[in-house]
Each structure stands twice: as structure tokens, then as C-alpha cells.
1. Identify the residue in the stretch 106-138 that is under 27 Å from residue 65 (Cα atoms) and of a type in the set (S, T, N, Q) and, among all such residues, is surrounded by the most Cβ atoms within 10 Å (Cβ to Cβ).
2. Filter the stretch 178-236 down to residues that are hydroxyl-bearing (Ser, Thr, Tyr) and out of contact with any helix residue (DSSP H, G or I) (no Cβ under 8 Å at 6 or more places or on another chain) and give me whichever is modelled with the highest pLDDT.
3. I'd like to check something: does the stretch 21-28 contain any residue that is among the β-branched types (Val, Ile, Thr) and at pLDDT 95 or above?
4. Considering the stretch 83-115 alone, what residues qualify as being among the basic types (Lys, Arg) and part of a strand (DSSP E or B)?
5. Inside the stretch 116-135, can you point out the residues that are of a type outside the set (D, E, K, R) and in a helix (DSSP H, G or I)?
6. For the structure I just gave you, tell me whether residue 404 is under 22 Å from residue 165 (Cα atoms), touching a His at 6+ places or on another chain (Cβ under 9 Å) and not charged (D, E, K, R).
7. Return a yes/no flag: does the stretch 351-362 have any residue that is surrounded by 13 or more Cβ atoms within 10 Å (Cβ to Cβ), free of Cβ contacts under 8 Å to residues at least 40 places away in the same chain and either assigned to a helix (DSSP H, G or I) or β-branched (Val, Ile, Thr) (or both).
8. Report, ordered by the first and then the second residue, all pairs with beta carbons closer than 7 Å, sequence separation of six or more or different chains, a first member in the stretch 206-221 that is more than 26 Å from residue 323 (Cα to Cα), and a second member that is part of a helix (DSSP H, G or I) and of a type in the set (Gly, Ala, Ser).
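The values are calculated or read from the model by the stated rules, or taken from the named source; none is laboratory data. Remember, predicted model here, so these are calculated numbers, not experimental data. We place every Cβ from the backbone using ideal geometry, glycine too, and count neighbours over all the protein chains shown.
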Amino acid sequence: MSDTIFALATAKGRAGVSVIRISGPAAFRAARELSGSDIPLRRPVIRKIVNPLGEVLDEALVLGFDGPKSFTGEDVIELQCHGSVAVVSSILAALSEINECRIAEAGEFTRRALMHGRLDLAQVEGLGDLIEAETEAQQKQALLIMQGGMSDKVESWRRDLIRAVALIEATIDFADEDIPQDVTPEVIALLNGVLGDLQSQVDGSFAAERIREGFEVAIVGSPNAGKSTLLNTLAGRDAAITSEIAGTTRDVIEVRMDIGGLPVTLLDTAGLRETDDTIESIGVSRAIARAKRADIRVFLNEVDDAPIFGLTPSADDLLVWSKSDSYGLRNGLNISSVTGDGIEELVSTIASILAQKSSIAMVASRERHRVALNLAIQHLQEGKSIISISYDASELAAEEIHLAINALNSLIGRVGVEDILDEIFSSFCLGK
């Protein structure tokens with residue numbers, strides 16, 4: 001029998017309402033000891049919460065969910081109490097004195113949901129992403145995965161691959177008999193269909209990963225082009241030091257923003273030029289290296305559009321004239337961080353480019369997903385090659401397809417994921 005666990009499920013600190021979750025075989029008994037009466041199933045009731053000495057700690061809304069239909073698959077009690085630090089602390093202390101009850105470890109509620117089949121591994125990752133979501137795009141992507149977007153894909157691929165294996169193994173089992181039709185075309189068609197879907201997922205996983213982790217936009221240019229002033233204008237605060245002295249920025253300064261519903265980290269970099277100053281030279285090298293990894297580079301030009309030291313603009317980069325309040329309008333995108341002219345257009349242009357980049361995003365959004373998908377692709381291509389060359393080796397082809405199915409199963413936690421569970425759940429808070 002597993003322990004009964006409890007924890008604060010809402011954020012720590014003062015709030016109007018706090019939720020304390022209890023899960024396990026002794027959940028309803030614990031609630032009875034706290035409230036002095038039985039708790040009905042799936043019907044909210046108001047109860048006075050008392051400690052072992054009979055002292056009233058609070059009056060709370062109590063909800064009871066019976067397993068396996070609860071979030072964790074176990075009996076679950078939720079106490080919605082007043083959200084003062086004192087109230088929450090006293091209730092948690094009272095729970096700790098009840099036999100067979102202990103404080104939950106990080107992510108333990110969700111881990112029990114996985115163990116009891118209420119969530120699969122991909123849904124667990126989606127739940128973690130949903131908790132961490134800061135922008136609308138992150139919220140939508142995480143919700144899609146948490147509600148089974150990856151799971152549904154895997155099940156569809158498995159059905160087609162199991163059908164392909166069944167057709168191959170039928171020819172093996174009845175090798176000495178007449179097979180009514182050649183199954184090769186149907187098998188190849190099934191494999192091609194799955195291979196196409198898997199490759200699309202791999203290709204779109206990089207955009208999905210960017211949505212989850214955030215895009216990077218680097219502001220680059222020569223010293224005193226107005227990079228730090230632009231960063232401060234976009235951030236709405238003095239994130240970077242600005243000065244008339246060239247070379248003020250020596251390191252990469254980062255500001256996290258929401259642009260068009262997408263998570264974006266703006267990078268203010270050191271002015272790009274040749275210099276004999278050792279420290280500034282390090283800053284320039286770091287700026288070039290970081291800018292090359294960014295999704296978009298905003299090349300800020302003050303007086304001319306000559307190529308900027310160490311970098312060459314690519315198709316998605318923006319060439320922007322700065323200080324239009326001083327130099328007037330020139331051909332192209334003009335901005336002034338002092339007057340605000342052109343800033344809205346610049347942000348809109350960045351949002352449009354990032355929206356295009358994210359449009360190919362799929363439900364696969366992690367390196368772990370890509371590894372499993374690429375492994376499945378490798379086995380399916382090998383199986384397809386074997387069938388295409390000779391059906392005499394169909395047993396080997398069937399084995400390759402089985403290996404591909406195993407790789408896909410690892411996406412949702414059916415096989416071979418024990419080594420990553422601790423890492424995944426360690427990122428969850430105690431109440432999850």
C-alpha cells in the first residue's frame with residue numbers, strides 16, 4: 001500500500017484561497033479526522049478544519065474524489081481554505097500528525113497519475129509546460145500536448161505499423177500456402193504514410209521547441225548605433241546602460257518579452273568593431289557568437305548600411321535605420337527610440353517573422369522526442385528497404401517495424417523511460 005501524500009497545490013504566500021491536496025488510501029480518513037465527519041464523493045461541502053487538539057484552524061470547502069477517476073488515480077481530497085500563511089501552515093502541520101500521511105515530493109502527484117494510467121509521459125511533459133507557460137503560444141502548445149496531442153499521434157502510427165506487421169507475418173505463417181494477394185504494396189503504403197508523418201514531426205519539432213523555450217532576437221550594430229536605447233524602449237525599462245561613450249556594452253544583456261503571443265528574449269550586444277581593448281574584444285566575440293545563434297538579427301545602422309563587422313544579414317534578418325529624429329527618414333525601416341517613431345512597425349515585423357517560423361510547429365517539442373522519432377524513422381526505412389529488395393527476408397523487416405513501434409512507445413512512456421522520470425518530475429512543484 002502506498003503512502004498518502006499531501007501538499008499545498010497553489011502558490012506559497014498570502015492569497016484569497018489556497019488549495020491543499022491529499023492523495024492516497026488514507027485521504028478520506030485524513031479528511032474525516034480534520035473535519036470530524038465523513039466527506040461525500042464529488043460534492044463540495046463546507047467543514048470546520050481542526051487540529052488533533054480539537055482547535056479550529058479554518059473553515060474550508062472540501063471536495064472528495066474517489067480513485068481511479070481522480071487526477072492521480074487514487075482517492076483524493078482537496079481542501080480550499082483561506083489563503084493566509086498561518087492557516088495553510090497549521091493545516092499542513094495537522095496533516096503531518098495523521099498516521100500514514102506525509103508531505104509530497106516534487107511532482108509526486110503527477111507521477112502517481114502516470115503510474116495509474118491517468119496521464120502518459122507526453123501528457124506529463126505537457127502539464128509541466130502548461131504550468132510554466134508565459135505566453136499564449138506556449139499555453140496553446142502545452143494544452144494540446146497535455147490533452148493527448150502526442151498520444152493520439154502515437155496511437156495512429158502504431159495502428160498503421162501493427163497492420164503492416166500483421167500483413168508481413170501473415171505471409172510468413174502461410175509461406176507454404178497460396179497467399180490471395182501480394183501484400184507488398186499495402187505494406188509499403190503504410191510505411192510511407194507513417195514515415196511522412198514522422199519526418200514532419202521532426203522538421204516541426206525545432207519550431208515547437210522554440211515556442212516552448214523562447215525565440216531569440218539579437219540587436220546588433222556598430223558602437224553608439226542605439227542598440228541599448230532600443231532595448232530599453234522595447235523593454236519599457238532601463239535594462240541596459242546607455243552612454244555617448246562608444247563600447248559601453250561589454251556583455252550580452254537579455255530581456256524576456258512577449259511579442260505577438262510568442263516568448264522572445266531580446267539580446268543587446270556589444271558594438272561590433274575592431275578594437276585593441278582586451279575586454280571589449282571579448283565582448284565583441286561573444287556578441288558575434290550569440291547573434292549567429294539567434295533566430296532574428298536586427299542590424300541597427302546609424303548613418304550608413306555598410307556590412308557590419310563579423311556578421312552578414314540572412315533572409316529573416318532586419319536592416320533598420322536608427323535615430324530618425326536626428327537623421328530623418330531613409331529608404332527602409334526607420335526608428336527613433338527617443339520619439340518612438342517606427343517602434344510599433346519594428347515589433348510588428350518581428351512578430352510576423354516569428355509567427356511564420358512557428359507556423360510549422362508540431363506536437364514534438366523536445367530533443368527526447370526527436371531522438372525517438374529519428375530512431376523510428378531509421379528502423380522503418382530499413383524495414384522498407386528489406387521488403388523492397390526481397391520478401392524472403394520479411395522476418396527481418398517485421399523485426400525492424402517492431403523496433404520502430406518500441407521507439408514510438410517511448411514517446412508516451414510505455415517503454416525505456418525510467419532513466420528520465422526523475423529528471424522530469426524534479427522540475428515540478430510540490431503540489432503537482
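1. The residue in question is 110.
2. 200
3. yes
4. Within the stretch 83-115, just 102 meets the criteria.
5. Residues satisfying the conditions are 121, 122, 123, 124, 126, 127, 128, 130, 131.
6. yes
7. no
8. Correct list of pairs: 207/358; 210/358; 211/137; 211/358.
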